[in-house]
Amino acid sequence: VAGAVTGYSDRLGTVHPFGDAAAEQRVRSDDRNHVFHSWSAQAQINPLPVAAGEGSTFWDYEGNAYLDFSSQLVNLNLGHQHPDLVRAIQHQAGRLATIQPSMASDVRGELARLIAGVAPGDLNKVFFTNGGADANEYAVRMARRVTGRRKVLSMYRSYHGGTSTAISLTGDPRRWANEPSDSSVAHFFGPYLYRSAFHSTTPEEETQRALEHLENVIVLEGAPTVAAIIIETVVGTNGVLVPPPGYLAGVRALCDTYGIVYIADEVMVGFGRLGEWFAVDAFGVTPDLITFAKGVNSGYVPLGGVVISDRIASFFDTVSFQGGLTYSGHPLACAAGVATFDVFERDGILARVRDLGERVIEPEIASWLERHPSLGEVRGRGMFWALELVRSRETREPLVPFNAAGADAAPMAEVAAACKAAGVWPFTHFNRIHIAPPLIITEGELRHGLAAIDAALTVADRFAG
Ligand code: PLP
């Protein structure tokens, strides 16, 4: 499936054939000795040295090709080394490599205008950040300032970033070792029909009960103390949880009733992952603030931001907004963002995401339910899917326990290893495999990768009764 890439370029531009064991060794030892990695016990990891990438594929130093079915960290929407993005960054570096955020820059303004043009409702202004976590930090800061309230409600089973308030908002185990950092956060249960906190049996029931629960949380936490509710429009790392019909509209209504700012975290699902510019478009709701990052420029240069409603933006017409980052809206990042818009329009990216999701991915993985007893549920939309693996379909016992590590996590490690041995690099988390390939993946590559995962599921089936 991979193209004719037979080697890699070093940082001086010299091209080497794959199979240079000394080069690989150097990468490994520099990394092991001097790079301190995120979210890891340093002695327990063995990062893959990556030599090259192109389109939906990346290569290790031995020349093994991997289809990037996780788009790195679900950021690489336009794939590796997209020529338009690379050219835009190179061109911008040659004309004005950086300019600080309190000055005006043509590419920054152009990107803000383009984002406002596709954002829903009256979300017309963009505050740029360096990534997703800081976008959420600043969205919360705006909501607190505008409402004069402090508390923020966020879901269990959510991820909002690794920084101070963002990790407090996060509703998964990554928060545990980092508490307390922002104590004005309370969590609630979102809809998740397969493992319903409300014992619902239909999507309608789940929507109604999840909204009743949220309203109870608002009332008991004290509505006059709640500044914002932050929700991933489709929950990402915690399971690709697509909200049932009416849920997000119900959240919008509760926010209106109680004067709460609705923040949609679209760091993972914004910019095409669901086949819409913003994922809220698929659910017909308009939040007050949308946070974004990743897909805005495929992460070629770090960039994130907050899209702001006129109501909130105008509050700061006369009140100074206290916040900013030296590299906010970096011109190299914005140039890649503008190029992203060009590619999306020219290549019909949103339409192809919807088409490949509906025509290829959904029917294919749904058909696996007949053959793989380890498959509890498949769910998703566009180019964003999860396979939830179980030991028993009847009891829905997960293939590995929640937050499993070490020997407990072995069955999932075996499934992931089988995928990688077949040349596909999926995202695996707890008992799930996520399918989130670059949006430019060819149909042939997509079918090839899906076939490899189908085959790897036989490994999971051995643990399922
Ligand atoms: N919000 C969501 C929904 C995410 O998925 C992520 C990252 O995965 C973040 C926020 C944090 O973004 P970043 O890692 O760019 O800070």
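The values are calculated or read from the model by the stated rules, or taken from the named source; none is laboratory data. Every value quoted in this text rests on a predicted model; they were computed, and no experiment measured them. Quick reminder, even Gly has a Cβ in these numbers, built from the backbone with ideal geometry, and neighbours come from all protein chains shown.
Data overview
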item: Residues satisfying the stated conditions in the range 253-280, i.e. under 22 Å from Ala143 (Cβ atoms) and either among the acidic types (Asp, Glu) or within 14 Å of the ligand (Cβ to nearest atom) (or both); result: Asp256, Ile263, Ala264, Asp265, Glu266, Val267, Met268, Val269, Gly270, Phe278, Ala279, Val280
item: The one condition in (1) assigned to a strand (DSSP E or B); (2) of a type outside the set (Phe, Trp, Tyr); (3) closer than 25 Å to Ala133 by Cα that Ala51 fails to fulfil; result: (3)
item: Selection status of Asn136, polar (S, T, N, Q), within 11 Å of the ligand (Cβ to nearest atom) and surrounded by fewer than 22 Cβ atoms within 10 Å (Cβ to Cβ); result: no
item: Matching residues in the range 360-392 - criterion: being more than 18 Å from Ala456 (Cβ to Cβ) and out of contact with any Asp or Glu (no Cβ under 9 Å at 6 or more places or on another chain); result: Glu362, Pro363, Met383, Phe384, Ser392
item: Residue within the range 26-46 that is touching a helix residue (DSSP H, G or I) at 6+ places or on another chain (Cβ under 8 Å) and surrounded by 11 or more Cβ atoms within 10 Å (Cβ to Cβ) present; result: no
item: Pairs where the first residue, in the range 273-285, is under 16 Å from Glu358 (Cα atoms) and the second is in a helix (DSSP H, G or I), C-beta under 6 Å, 6+ apart; result: Leu274/Ala282; Gly275/Leu350; Gly275/Val353; Gly275/Arg354; Glu276/Ala282
item: Looking only at the range 330-353, and only at residues there that are without any contact (Cβ under 8 Å) to a residue 24 or more places away in the chain and of a type outside the set (Asp, Glu), the one that is surrounded by the fewest Cβ atoms within 10 Å (Cβ to Cβ); result: Arg346
item: Verdict on Tyr327 being away from the ligand (no atom under 16 Å from the Cβ), surrounded by fewer than 24 Cβ atoms within 10 Å (Cβ to Cβ) and in contact (Cβ under 8 Å) with a residue 40 or more places away in the chain; result: no
item: Residues located in the range 55-82, provided they are away from the ligand (no atom under 16 Å from the Cβ), within 21 Å of Ala416 (Cβ to Cβ) and among the aliphatic types (A, V, I, L, M); result: Ala65, Leu67
item: Any hit, the range 173-181, residues being under 15 Å from Glu232 (Cα atoms) and within 16 Å of the ligand (Cβ to nearest atom); result: no
item: Lone qualifier among Asp20, Asp10 - being away from the ligand (no atom under 16 Å from the Cβ), in contact with a His (Cβ under 8 Å, 6 or more places away or on another chain) and among the charged types (D, E, K, R); result: Asp10
item: Only listed residue being of a type outside the set (Lys, Arg), crowded, with 23+ Cβ neighbours inside 10 Å, more than 16 Å from the ligand (Cβ to nearest atom) and touching a residue at least 24 places away in the same chain (Cβ under 8 Å), chosen from Pro244, Pro203, Pro191; result: Pro191
item: Residues satisfying the stated conditions in the range 287-312, i.e. over 12 Å from Ala119 (Cβ atoms) and away from the ligand (no atom under 16 Å from the Cβ); result: Arg311, Ile312
item: Complete set of residues in the range 80-134 that are over 26 Å from the mean Cα position of the chain (by Cα), farther than 28 Å from Ala52 by Cα and not aliphatic (A, V, I, L, M); result: Gln100, Ser102, Ser105, Asp106
item: Those residues of the range 420-465 which are on the phi < 0 side of the Ramachandran plot, out of contact with any Lys or Arg (no Cβ under 6 Å at 6 or more places or on another chain) and among the small types (Gly, Ala, Ser), in sequence order; result: Ala421, Ala422, Ala436, Gly444, Gly449, Ala451, Ala452, Ala455, Ala456, Ala460, Gly465
item: Test: residue in the range 83-106 that is at pLDDT 95 or above, more than 16 Å from the ligand (Cβ to nearest atom), within 30 Å of Val319 (Cα to Cα) and not in a loop (DSSP other than H, G, I, E, B); result: yes
item: Top-ranked residue in the range 140-172 [being under 17 Å from the mean Cα position of the chain (by Cα) and of a type in the set (Gly, Ala, Ser); ranked as nearest to the ligand (Cβ to nearest atom)]; result: Gly161
item: Residue list for the range 27-48, filter: closer than 20 Å to Arg174 by Cβ and in a helix (DSSP H, G or I); result: Gln42, Ala43, Gln44
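To keep it simple, each residue is scored yes or no on (1) of a type in the set (Gly, Ala, Ser); (2) buried (at least 16 other Cβ atoms within 10 Å of the Cβ); (3) over 25 Å from Leu274 (Cα atoms).
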site: Arg381; (1), (2), (3): no, yes, no
site: Leu399; (1), (2), (3): no, yes, yes
site: Asn403; (1), (2), (3): no, no, yes
site: Pro411; (1), (2), (3): no, yes, yes
site: Pro426; (1), (2), (3): no, yes, no
site: Ala455; (1), (2), (3): yes, no, yes
